[in-house]
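Here is the structure we will look at.
No value in this document is a laboratory result; all are computed from the given coordinates. From a predicted model like this one, the values you see are computed outputs, not experimental measurements. Ideal geometry is used to build each Cβ from the backbone, glycine not excepted, and the neighbour counts take in all protein chains shown.
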Amino acid sequence: LAESEGGMQYLKTFDLDRNDWEQGKIHKSVMLEISKLPDGTGHRIYMDNLFTSTKLLSDIRKKGHFAAGTVQAGRGMLALLNKLK
């Protein structure tokens, strides 16, 4: 997980794996880090495909931040993109 705003960068690594995603631990771990940022400040968060899910992106956006990341099949992204067409 990486964040960049106003020239400052922050990098957070997590000791998690695919089994943790299935148990919801990844979402909780990322949102715990996001909760340390002031709401509505528009931080930009970048993540790899282990973290990215429609729920996580939506929850980050609700906090007033932006997020982007690569996507794995089966995380709901394809259905969401088809719905937005």
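Worth a mention:
- Annotation: extensible slack from Leu80 through Lys36 equals 13.0 nm (criterion: 0.36 nm per residue apart, minus Cα-Cα distance).
- Each of the peptides 67-74, 51-58 was scored by the mean count of other Cβ atoms within 10 Å over its residues; in descending order, highest first, they stand as 51-58, 67-74.
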